[in-house]
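Values in this text are rule-based calculations from the coordinates and carry no lab data. In this text, all values refer to a predicted model and were calculated from it rather than measured experimentally. Reconstructed Cβ throughout: ideal geometry from the backbone, glycine too, with neighbour counts over all protein chains shown.
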């Protein structure tokens, strides 16, 4: 979770206003895991200079951040146990889908968020995200899960992968 100490003082009030809104949405429709990731996104936007959060309503930014995080993690996929249609999300925050999608796109561009972006994937979904495990070694892209354990360990120690793949220590490494 992003702490207020990591938020510029000038942005603390805006951060709190937006995350209060997103927290309420997470309680009603999502999970604590989403809440923590959403705080990270709002914190990253608050630290940008100039922060895009300075223009626009808190409710618009709240909806757009939830939408952006949801896009990365396929929140609108009805086959997943936890899902939420964009229409419900935008209605909750009282904004139009066009406005919400436009701000969401702005967030995705600013933070380089795309479908399955490893940095913005929910922790519970990292193991199943193939982009997490693709590394370039000597100009060749490989799935590190297929590499020798020593190479996996080195990648983990360098912070290139979030944990050792199953069979080599798992997520508890």
Which of (1) 32, 18, 14; (2) 25, 17, 17; (3) 28, 22, 19 is the computed semi-axes √(5λ) of the Cα gyration tensor in Å? It is (1)
Relative contact order of the chain (C-alpha contacts under 8 Å, at least 6 apart) in percent is 16 percent
If R0 = 30 Å, then residue 151 and residue 128, at their Cβ-Cβ distance, give a FRET efficiency to the nearest 0.05 of 0.90
The helix 58-72 Cα axis meets the longest alpha-carbon principal axis of the chain at an angle in degrees, between 0 and 90 and rounded to 10, of 30 degrees
Summing -39500 (n - 2.57) over every DSSP H run of at least 4 in the chain, dividing by its residue total and rounding to the nearest 500, the 222 nm mean residue ellipticity is -15000 deg cm²/dmol
So the angle from the long Cα axis of helix 12-29 to the longest Cα principal axis of the chain, reported in degrees to the nearest 10, equals 80 degrees
Taking 93-100, 7-14 and ranking on average Cβ neighbours within 10 Å, highest first, one gets 93-100, 7-14
Expected unfolding gain across residue 27-residue 136 under the 0.36 nm per residue rule, minus the alpha-carbon gap, is 35.3 nm
Here FRET efficiency (C-beta to C-beta, residue 116 to residue 143, R₀ 25 Å, nearest 0.05) is 0.95
Of 67, 39, 29, the most mobile residue in a GNM of the chain (C-alpha springs, cutoff 10 Å) is 29
